[in-house]
Every structure is written in structure tokens, then in C-alpha cells.
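Input: a single structure, listed below in C-alpha cells.
The values are calculated or read from the model by the stated rules, or taken from the named source; none is laboratory data. Because the structure is predicted, anything quoted here is derived from the model rather than measured. Here the Cβ positions follow ideal geometry from the backbone for every residue, glycine too, while neighbour counts run over all protein chains shown. Areas reflect the complete protein model, heavy atoms only, side chains present, ligands, DNA and RNA absent. Shrake-Rupley method; radii C 1.70, N 1.55, O 1.52, S 1.80 Å.
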Amino acid sequence: MPAKIKKVSDEELEVQRQFAHKVNELTSKRYSSKPLACVVTYGCQQNVADSEHIKGMLEAMGYGFTEERTEAKLIIFNTCAVREHAEDRVFGNVGALKKYKLANPDVVIALCGCMMQQQHIAEKIKKSFPFVDLVFGTHVVYKVPELIYSALTKNRRVFELPDVDGVIAEGIPVKRDNDKKAWIPIMYGCNNFCSYCIVPYVRGRERSREVEDVVAEFKSLVDDGYKEITLLGQNVNSYGKDLEPKVSFSELLCMLNELDGDFRIRFMTSHPKDCTKELIETMAECDKVATHLHLPFQSGNDRVLKAMNRSYTREKYLSLINYAKELMGDELSITSDIIVGFPGETYEEFCDTKSLVEEIKATSLFTFIYSARKGTPAAEMDDPVPYEEKSKWMRELLALQERISGEQMALHKGKVFKCFVYGKGKQGDNYLAARTDGNLIIEFVGDEGLIGTFQKIKVTEPLTYVMLGELERNDL
Ligand code: SF4
């Protein structure tokens with residue numbers, strides 16, 4: 001690993017294990033029964049993965065878990081900074097804890113995640129939410145035992161928000177939310193500085209985990225029976241550029257694909273700028289890599305893309321999609337993210353986004369009205385289009401995608417898919433939900449014992465965003 005990437009040392013991790021032990025001793029004297037922690041996660045899968053590590057450390061400190069905030073001795077909100085709406089929700093939910101904290105002063109309230117890494121937010125928490133005991137940033141998650149110990153023993157509030165480029169901590173405990181489906185962060189941070197995005201400011205520069213560490217974690221998950229494993233990074237296509245020797249993301253996928261076992265590899269998120277033909281070829285060739293490409297294009301207009309600092313054009317994006325379709329045909333499923341109403345975007349430019357949506361035929365889209373993030377260049381740009389107008393554009397986009405999703409689903413009637421059965425369905429009591437290689441959802445009537453297995457399912461009735469199906473003879 002090159003010197004510029006700071007890996008947390010074994011000595012430091014040992015210090016944290018000792019703090020975990022101290023917390024355990026302290027809480028077993030302080031409470032008559034096992035103390036419970038409530039960890040609430042907002043935002044993306046990276047946050048979900050961070051929360052799983054936080055829970056792993058809490059478990060090592062002797063905490064059990066509850067979903068009920070009023071049963072908890074420790075409440076942690078792991079926050080998201082991507083949109084204003086998410087931040088408002090956090091402030092609302094934290095505010096609602098004030099009474100509980102006043103009535104139960106021994107409860108520790110902690111806030112962490114991307115939102116806290118912004119200085120103006122941390123200041124607001126300091127001033128307006130005096131009942132919050134602990135605030136920590138994205139770069140010190142591995143220090144949770146020490147921070148909780150400080151919050152429990154020191155008679156003052158603890159704020160730990162170093163502004164660094166980020167570190168990598170290997171070997172911290174993890175408590176996964178699911179026993180068949182798992183997330184593995186393979187890299188952290190982002191170097192792209194898209195003009196609307198706060199992530200590079202709160203998650204630091206790109207840094208990749210060593211190949212051996214990723215492969216070892218992946219292998220142990222497969223050995224433990226995990227079936228769907230998603231590789232995570234803000235920009236997975238940049239994986240390995242900072243390693244010595246360099247390794248490409250495609251090479252990593254090929255290594256994982258070679259491991260023994262029946263499992264499926266997913267990944268997110270890909271940036272079109274760094275998405276290569278090599279990656280698309282790898283997806284087509286590796287049987288365990290899902291044929292689902294989540295490739296956010298954000299806008300279909302080149303002027304807007306430039307203002308967003310996305311570093312690709314509509315043409316380049318389309319050439320990638322067309323190449324992927326050429327190699328994977330019907331098996332490919334495309335999803336994307338779109339921002340509606342970027343500052344200065346005109347209706348004509350928005351229409352270019354709609355025409356791109358028509359062209360790529362995504363199975364689904366994640367669409368957002370632009371939300372200004374303080375400290376980003378886009379937040380300083382003129383933004384003359386009123387929110388109501390942007391909402392109207394959004395409705396047009398949603399109607400368009402609803403039609404396209406319906407058409408895409410209809411093409412699958414009668415087809416049989418190898419699916420991972422991931423849980424209970426929503427169509428009725430006996431329904432289970434399963435995911436195809438291309439990330440489409442099929443619900444079917446089946447026994448709960450099938451959850452966590454791969455099954456062949458035939459599509460009987462495609463709806464707009466979900467398909468109904470029936471179990472086929474299983475010879476998987
Ligand atoms: S690639 Fe762009 S949008 Fe994605 S995290 Fe990095 S800066 Fe944000």
C-alpha cells in the first residue's frame with residue numbers, strides 16, 4: 001500500500017479492543033441487565049456497511065440491540081448528507097429525543113456519518129442540541145469503543161471530527177444485518193468533485209483496500225454461506241488505481257469470480273467516466289458477476305453534464321450502454337440516477353434527459369430534484385427555475401419511466417430466471433421475493449425455507465416494477 005494511504009495500525013486497533021473491554025466492564029457494573037443500543041441508519045449502502053461495523057464494535061462492548069429508541073441506553077444516528085430532506089429528517093428525529101434524554105440522563109445519544117462531517121452541521125448540533133453527547137465523523141468509525149468510553153466517563157460532550165483525507169481500518173468487528181446477503185466496501189472516498197456533490201468533502205480522497213483483504217473477506221463470507229455479495233465504493237471503477245502494483249476493478253472481479261462456491265457478485269456505484277469496455281467484457285464473461293449495471297448519467301445534456309463536472313458526454317455514455325447491450329443482450333439490466341433541475345438547466349436541456357431515458361431503456365431509475373449542498377460549487381450557481389416547475393418536470397420523467405419499466409418487464413413474460421430468494425414478498429401472505437441476476441424482482445408463492453437460496457422462477461405476470469412468477473423445477 002503506498003505511503004499516502006494511512007492504514008490504521010495493529011497497535012491502534014488493539015487500543016480500541018482494550019477500550020471495548022473497558023466499556024463492557026463499566027456497563028456491566030452500571031446496568032443490571034445487558035444494555036441495548038439502537039443504531040438508526042440513513043442514506044446509502046456505504047452507511048449501512050459502516051453501521052454494521054459500528055454494531056460489530058458495540059457487540060464486542062457487550063451491547064445488545066433494539067429497534068425501539070425508548071428501550072435503548074445508547075442511540076446512534078448514522079446520518080447522510082446527500083440531500084437537504086435527509087438532513088431535515090435527522091434534525092427532526094434528534095429533536096424528538098430531547099424529552100427522553102431529560103427523563104433518562106444516563107442514555108447516550110450519538111450522531112455520526114456524512115452529515116456530521118460538515119462543520120456548519122457540527123456547530124448547529126453543538127449550539128442547538130445540547131442533549132447530544134457524542135458526535136463523530138466518517139474517518140474515525142474504528143474509534144467507536146474509545147469514543148463511547150469517553151461519552152460514558154467524561155463529564156462533557158465529545159466531538160471527534162478530524163478533517164483528514166481518510167484512513168483504512170482492517171479487521172474491525174462487523175455484525176451483519178443479513179446472513180445471506182452482504183456488503184463489502186472495497187474502497188472509500190471520491191476524487192471526482194461533481195459540482196453538486198458533498199461526498200468528496202465528507203468522505204475524503206479515494207483509497208482502495210488491498211486486494212488480499214477484499215478477497216479474504218469475500219472468501220470468508222462465501223464460506224459462511226453468503227449468496228449475494230455487493231462490492232461497494234463511491235466509484236468502484238477507480239478501484240486499485242492507488243494500489244502498488246495497480247489492480248483494475250475488472251481484475252478484482254475476475255479473482256472473486258474464480259472462488260469456489262455458489263454465489264453472486266454485485267457492485268455499485270460505477271462512474272461513466274471510469275467505466276471501461278474491459279469492465280463490461282468482464283461482466284459478460286464472469287458467470288458469478290450479476291448482469292446489472294447501475295451507471296448514473298445524471299443528465300442527458302452535454303452542457304449540464306459539463307456544469308456538473310461529470311467528465312463524460314451523452315455520446316460516451318451511450319456508447320458504453322450500447323456496448324453492454326451488445327455483449328449481454330436481454331440479460332443486461334440497466335439502472336441509473338438522474339438529477340432534475342440542476343441550477344441553470346432549461347426545459348429544453350431537461351428534454352435531452354428524457355430522450356436519453358427513452359434511448360437506454362433502464363429497468364428503473366433513481367430520480368431526484370436537485371438539492372443544494374452548502375460548500376459545493378453548484379450551490380453558488382444561479383438557480384432561476386422554481387421548485388414547482390422542477391416538480392412538474394419530475395412528474396413527466398416519472399411517467400415516462402413508468403411506461404418504459406412496464407414495457408421492459410412485459411418482455412420477460414414466460415422467461416425463467418435464476419433468482420436469489422431474499423425475503424418475504426409484498427403481494428400477499430404466502431409470497432416470497434426473489435431477485436434476478438439483472439436485479440429485477442419476482443414475487444412467487446413459496447415456502448419460507450426457500451429464503452436465502454437460489455431458485456429457478458418463471459415469470460407469469462409482469463407488472464410495472466415487480467413481476468409475479470412461479471417456482472420451476474429446481475435443479476440448480
Ligand atoms: S462520483 Fe461525483 S456524485 Fe459520485 S460521490 Fe463522487 S463526486 Fe459525488
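For the stretch 128-181, run through the trypsin sites (Lys or Arg not before Pro) and keep only the ones in DSSP coil with at most 12 other Cβ atoms within 10 Å of their Cβ. Those that pass, being in a loop and sparsely packed, are K154, R156. Net charge of the neighbourhood of D133, taken over other residues with C-beta under 11 Å away and scored Lys/Arg +1, Asp/Glu -1, is +3. Evaluated at q = 0.18 Å⁻¹, the base-10 log of the normalised Debye intensity for the stretch 6-165, with identical point scatterers placed on the Cα atoms, takes the values -1.15. With 21 Å as the limit, the listed pairs K288/K361; K175/K227; K246/K288; K7/K273; K7/K143 have K288/K361; K246/K288; K7/K273 beyond it between alpha carbons.
Taking N as the number of residues in the stretch 293-341, what is its alpha-carbon radius of gyration divided by 2.2 N^0.38 Å? Can you show the working numbers first?
On the way: Rg = 11.6 Å, N = 49, 2.2 N^0.38 = 9.7 Å.
Taking N as the residue count of the stretch 293-341, the ratio is 1.20.
Which chymotrypsin sites (Phe, Trp or Tyr not before Pro) does the stretch 224-323 hold that lie in a coil by DSSP with at most 12 other beta carbons within 10 Å?
Hits after loop and neighbour filter: nothing returned.
Of the trypsin sites (Lys or Arg not before Pro) found in the stretch 221-285, the ones in coil according to DSSP and having at most 16 other Cβ atoms within 10 Å of their Cβ are K241, K246, K273. Between the helical axis of 84-95 and the longest alpha-carbon principal axis of the chain there is an angle of about 30 degrees.
Keeping the other protein chains in place, figure out the carbon and sulfur percent of the accessible area of the chain, with a 1.4 Å probe. Provide the component values of the computation, followed by the final result.
On the way: 10300 of 20910 Å².
Carbon and sulfur: 49 percent of the exposed surface of the chain.
Shown here are the Rg and Dmax of the Cα trace of the stretch 416-471, at 9.5, 28 Å. P(r) for the stretch 214-285, from all Cα pairs and a bin width of 10 Å, is 19, 54, 26, 2 %, short bins first. Model label points for E123 and D429, set 7 angstrom from Cα along the Cα-to-Cβ axis, are 5.7 nm apart. The simple spin-label model puts a point 7 Å past each Cα toward its Cβ; for V445 and Y347 those points are separated by 5.0 nm. Cysteines in the chain lacking any other cysteine Cβ under 4.7 Å from their own Cβ: C38, C44, C80, C112, C114, C190, C254, C275, C286, C351, C419. Spacing of the modelled spin labels on V416 and D260, each 7 Å from Cα toward Cβ, amounts to 2.8 nm.
Calculated over the chain, the projected area of the Cα convex hull averaged across directions stands at 23.3 nm². Extension gain for K456 to F193 (0.36 nm times residue separation, less C-alpha to C-alpha distance): 90.4 nm. Counting only the Cα atoms, the stretch 122-242 fills a convex hull of 140 Å³ per residue.
Nearest 0.05, what FRET efficiency do E25 and D88 give at R0 = 35 Å with Cβ-Cβ as r? The pair E25/D88 has a calculated efficiency of 0.35.
Computed over protein heavy atoms with a 1.4 Å probe, the accessible surface of the chain works out to 44 Å² per residue.
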